[in-house]
1. Cα gyration tensor of the range B:40-119, axes a ≥ b ≥ c as square roots of the eigenvalues: rounded (a/c below 1.5), prolate (a/b > b/c) or oblate?
2. Of the beta bridges DSSP finds with both residues in the protein assembly as shown, what % are antiparallel, to the nearest 5?
3. Taking a ≥ b ≥ c as the square roots of the Cα gyration tensor eigenvalues, with a/c under 1.5 meaning rounded and otherwise prolate when a/b beats b/c, else oblate, which class fits the protein assembly as shown?
4. For the range A:135-256, rounded, prolate or oblate, judged on the Cα gyration tensor with a ≥ b ≥ c (square roots of eigenvalues), a/c < 1.5 rounded, else prolate if a/b > b/c?
5. Among B:111, B:287, what is the fewest-to-most ranking by other Cβ atoms within 10 Å?
6. Let me have the 222 nm mean residue ellipticity of chain B computed from DSSP H runs of 4+ only, each contributing -39500 (n - 2.57), with the sum over all residues rounded to the nearest 500.
7. Only Cα pairs under 8 Å and at least 6 apart count here; give the relative contact order of the range B:52-144 as a rounded whole percent.
8. Quick one: among B:100, B:153, B:32, which has the greatest mean-square fluctuation in a GNM of chain B with alpha-carbon springs under 10 angstrom?
């Protein structure tokens, strides 16, 4: 298999199935954007050795790189459309590697209704490097931003957090648990909440995806919106497996709240909109949790079961 | 200067000056696409050591990576809008390097009326790697493709070719000339024909940019359109400096016609449209040349001054 065959056999099929991508023999792809929409565009690069282990399963790499990009679209309330993929290999990968890598992308193309609009492959010394640039659409003027939370809004989370942080610790060999599967799954194959992009656009006043940790990412919302937030630890959703690790003192709440890679969406929602939003999300299989309230000021606090604020040592937390 | 300071000081200014890019504190940029337009999207990656010398002037690298991407938009008849930039550094570059690199991009932003919509910087072993994904717009359904040339159309070129091929030979130390400046300029800072994007969209039936060499790129047009082409060597525009090198037997016509990196636009134009197109391009300072005709069949021939076809040895030429 040479580079040309690799592209023909494994990457070209990623562009199929959508009429917008018919034109891949040209210098660029032509995309039909419906009138009355804004375009939303974002990039994320993953590097071997930094963002994934050098001998990582290619399917895991593929799912991760596409899903973290999809999550950025969801956080804007945008419907993802397509992605450009730029791959830099140190050497031509073997057939099995590319086969598994592209099969995982094809799976996600179908699951999340997106396609590859183009990209390139180059050869460069160093670890595998994958840049995705993702494009989505949102009704004009209705993209959801970080900077628009208001004091009095509810802090709403799209699902349980902390599993990916546990998964990363397992991968780094600093934690050993009896049943690692759900944690590794969360770290390798986060679930971007594409299912509720439209509902986020309709009901959320501000949103961010939890990539750097709940505290850091909600901190960005607070900082850019000029508000603070008070979270109730008891209302933050953790899975039973995650809670068991805290109870067994294998991991701390601080680790879970400051660990990244969950890709749940943290939002500001006006109280009067929550019931409709919650019902609409539930209809798409997503259970929303109210975990606190945005407040005047600039402090971001997490209150424990006894009513005392948790204290955090980690960086990213220092400017509050 | 740490990574954060580098981004704040040198990369954030690249996103300024267009209202669409105000939102860079979010997970993605929001772009206002006018109704009635298609989106055109394309990527090109440049690697240190492959696409530019490892110790290359950062301004040259910046101009090159942006301009080759701009050229892809022009070849589609699209108006470039903005670009995502993904940079992978092996180590944090020094202040002077980033200053020169970003200043060159700022210059081109102004010259070609584009802006940076986002991107990311990562650290990875290996040479500097820059992926740009460029986005443009074109009136709906009017993007210019490669596959739509017709027998009887004129083969039209947007400017002289071959200078970049000479420049690359000088850079690789396989050719030494008395006055290298115009050749190096062509290799480092090709001029993307953004000035006539709208005219290409209006008048050209098919188009391609000359990145891999006139013969190879016109070959793509012929192959995808199911036509051949007959070019007249006497009508292909070369600068006087380039012609002097051929006359001095320092370089051959084959080298000039198969060398890449010129980024002129080769087009199929219906004969009845040429005069209007030529006048409109001239009004933008671009001189068009008719260098031949698309013909029935699949042969791509270049006829010399004596009426004999030139023969080519190089690969890329074999399938004709």
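Just so you know, all these numbers are worked out from the coordinates, no wet-lab data involved. These numbers were taken from a predicted model, which means no experiment stands behind them. Reconstructed Cβ throughout: ideal geometry from the backbone, glycine too, with neighbour counts over all protein chains shown.
1. Judged from the Cα gyration tensor, the range B:40-119 comes out prolate (a/c at least 1.5, a/b above b/c).
2. Given both bridge residues lie in the protein assembly as shown, the antiparallel proportion sits at roughly 75 percent.
3. Judged from the Cα gyration tensor, the protein assembly as shown comes out prolate (a/c at least 1.5, a/b above b/c).
4. Prolate is the answer for the range A:135-256, as a/c is 1.5 or above and a/b outweighs b/c.
5. Starting with the residue having the fewest Cβ neighbours, the order is B:287, B:111.
6. -9000 deg cm²/dmol
7. Once normalised by length, the contact order is 46 percent.
8. B:32
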